[in-house]
Amino acid sequence: MRHILSFLLIITFSLLAQAQMEKYKAIFLYKFAQNFEWPSNKNSDNYTIGVFGDLSLQDELARLTNGRTINGKPIEVVKFVPGNSLDPLCILFIADKNKDTIDLMSKAGKASNTVIVSESPGLSKKGACINFVNNGNSLKFELNEANLNESNVKASGSIKSLAILVN
């Protein structure tokens, strides 16, 4: 009985930790949108953040940004569907299970001035502008400025100072 209770506690804490990690990722994505500068041709009526392959993160981000604006523009969170254009997106988050699409998404992101954010080891060196890094109890992020520059997007100094810079 004690082993079953221990097992259930471990699963419960694991689920709580995962839910907390989704909140942190959502906060980061919201803050990224506030601290990037897109070229004038990306100017639209809202800031659109696409999420590819992580419904719980999409829901958390939608909750966090509901009713909020950036520079007077509302924030829209959408489910990204493969085959759709990246043109309306300011940011696209790619879940780990879709990491094999990084080459295609990176090329499309650069052409559409979309910041590609991933969560899989090594993807910032394979085309992602930002890659989340989970260091046990903390969430950090890598920033590949070369990839960001190829997307014609500029990061604020505060984002750069918090990032793990990679080439």
* Asked: Say we look at region 137-149 and pick out the residues that are in contact with a Lys or Arg (Cβ under 8 Å, 6 or more places away or on another chain) and modelled with pLDDT of 95 or more; which of these is surrounded by the fewest Cβ atoms within 10 Å (Cβ to Cβ)?
  -> GLU145
* Candidate set: region 73-100, residues that are farther than 15 Å from THR48 by Cβ and of a type in the set (Gly, Ala, Ser); chosen: the one modelled with the lowest pLDDT -> GLY83
* Go through SER14, SER56 for me and flag whichever is modelled with pLDDT of 60 or more, more than 23 Å from LEU148 (Cα to Cα) and surrounded by 10 or more Cβ atoms within 10 Å (Cβ to Cβ). => SER56
* To do: Please work out which residue is surrounded by the most Cβ atoms within 10 Å (Cβ to Cβ), limiting yourself to region 150-167 and to residues that are of a type in the set (Val, Ile, Thr) and over 18 Å from ALA33 (Cβ atoms).
  => VAL166
* Asked: How many of the residues making up region 63-82 are surrounded by fewer than 20 Cβ atoms within 10 Å (Cβ to Cβ), more than 13 Å from the chain's Cα centre (by Cα) and not charged (D, E, K, R)?
  -> 10
* Find the residue count for region 17-46, including only residues that are assigned to a loop (DSSP other than H, G, I, E, B), modelled with pLDDT of 80 or more and either of a type in the set (Phe, Trp, Tyr) or loosely packed, with under 10 Cβ neighbours inside 10 Å (or both). => 2
* Extreme residue, surrounded by the fewest Cβ atoms within 10 Å (Cβ to Cβ), among residues of region 102-133 that are of a type in the set (D, E, K, R) and assigned to a helix (DSSP H, G or I) -> ASP103
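Yes/no per residue for (1) touching a helix residue (DSSP H, G or I) at 6+ places or on another chain (Cβ under 6 Å); (2) without any contact (Cβ under 8 Å) to a residue 60 or more places away in the chain; (3) assigned to a strand (DSSP E or B):
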residue: ARG63; (1), (2), (3): no, yes, no
residue: VAL77; (1), (2), (3): yes, yes, yes
residue: ASP100; (1), (2), (3): no, yes, no
residue: ASN152; (1), (2), (3): no, no, no
* So PRO88, is it in contact with a Gly (Cβ under 9 Å, 6 or more places away or on another chain) and either farther than 26 Å from SER161 by Cα or surrounded by fewer than 22 Cβ atoms within 10 Å (Cβ to Cβ) (or both) -> yes
* Structure fact -> Apart from one, (1) hydrophobic (A, V, I, L, M, F, W, C); (2) out of contact with any Cys (no Cβ under 8 Å at 6 or more places or on another chain); (3) part of a helix (DSSP H, G or I); (4) more than 19 Å from GLU22 (Cα to Cα) all hold for VAL81; the odd one out is (3)
* Structure fact -> All-but-one check, ILE49 against (1) modelled with pLDDT under 95; (2) touching a strand residue (DSSP E or B) at 6+ places or on another chain (Cβ under 9 Å); (3) among the β-branched types (Val, Ile, Thr), failing number (1)
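The values are calculated or read from the model by the stated rules, or taken from the named source; none is laboratory data. Keep in mind the model is a prediction, meaning the values are calculated, not measured. In this analysis, Cβ positions are derived from the backbone assuming ideal geometry, glycine residues included, and neighbour counts consider all displayed protein chains.
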